[in-house]
Amino acid sequence: MSESHSDATAEGQGAPEPTTEEPPCAELKAASEKCIKEKGGEACKELLEAYHSCLRALGTAHQDLEANPLPPSH
């Protein structure tokens, strides 16, 4: 019996658990995207910098973030 119990345990270990939490910086990202759509990138520099700082703090910033800190305006 112990073999079948260990098989069941091993199957559940690799599956990612569903989560309802927002990813880190998601609120800042949504706010900056909304700001850019409504006002343009130049008007949202502080909000974008806050979002980029959040990403840097987590070590997830895109490598060319410094080269092109503002997304293209639509």
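The values are calculated or read from the model by the stated rules, or taken from the named source; none is laboratory data. This is a predicted model, so every value here is computed, not measured. Positions of Cβ are backbone-derived with ideal geometry, glycine not excepted, and every protein chain shown enters the neighbour counts. Ligands, DNA and RNA are excluded from the accessible area calculation, which covers all protein heavy atoms including side chains. Shrake-Rupley method; radii C 1.70, N 1.55, O 1.52, S 1.80 Å.
Numbers below:
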read-out: Residues of segment 19-39 that turn out to be part of a helix (DSSP H, G or I) and either open to solvent by 100 Å² or more (accessible area, probe 1.4 Å) or touching a strand residue (DSSP E or B) at 6+ places or on another chain (Cβ under 8 Å) (or both), as a count; value: 5
read-out: First in segment 44-58 and among the hydrophobic types (A, V, I, L, M, F, W, C), second anywhere and assigned to a helix (DSSP H, G or I) and surrounded by 17 or more Cβ atoms within 10 Å (Cβ to Cβ), Cβ under 7 Å, 6 or more apart; value: CYS44/SER32; CYS44/CYS35; CYS44/ILE36; LEU47/SER32; LEU47/CYS35; LEU48/SER32; ALA50/LEU28; CYS54/LEU28
read-out: Qualifying residue in segment 57-73 (condition: assigned to a helix (DSSP H, G or I), aliphatic (A, V, I, L, M), crowded, with 16+ Cβ neighbours inside 10 Å and modelled with pLDDT of 90 or more); value: no
read-out: Qualifying positions in segment 40-56 - open to solvent by 70 Å² or more (accessible area, probe 1.4 Å) and in contact with a Leu (Cβ under 9 Å, 6 or more places away or on another chain); value: GLU42, LYS45, ARG56
